[in-house]
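Report on the following structure.
The values are calculated or read from the model by the stated rules, or taken from the named source; none is laboratory data. What you see is a predicted model, and the numbers here were worked out from it, not measured in a lab. Virtual Cβ from ideal backbone geometry, glycine too; neighbours counted across all protein chains shown.
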Amino acid sequence: MKFRKKPVVIEAKQWWPPGDERHDPSMLTLRGGNSVNPPDYRQTGDLYPFTTIKGMGVDNIYFIRVGGVNDNVQVHPGDWIITGVKGEKYPCRPDIFEATYEPVEDAKST
């Protein structure tokens with residue numbers, strides 16, 4: 001059988017890391033990530049910097065939480081962060097995004 005993707009309008013923003021002139025600081029979530037207090041613990045949809053790997057500091061590696069505590073996906077510069085039909089957030093590589101989505105006219109501007 002073959003299937004066609006339903007026509008669904010999604011929200012998406014392109015991700016650029018700090019230091020890039022296209023960076024949008026509102027996309028980063030600066031929660032601690034290891035706190036026992038729920039307000040400080042990373043939530044699904046949080047985009048955050050990953051600063052240590054096995055005790056070594058690293059720069060410019062970012063992840064988005066797509067599900068539970070171990071469901072983190074690396075985000076690369078230029079990836080689109082899509083907000084899905086149920087409010088879920090996930091990254092999409094630019095070439096896949098371009099092949100899958102096209103701009104729609106915003107109903108508010110017409």
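Annotations for the structure displayed:
- Residues located in the stretch 57-83, provided they are at pLDDT 90 or above and either touching a helix residue (DSSP H, G or I) at 6+ places or on another chain (Cβ under 8 Å) or in a strand (DSSP E or B) (or both): Val75, Gly78, Asp79, Trp80, Ile81, Ile82, Thr83
- Of everything in the stretch 6-26 that is of a type in the set (A, V, I, L, M, F, W, C) and in a loop (DSSP other than H, G, I, E, B), the residue that is farthest from Val85 (Cα to Cα) is Trp16.
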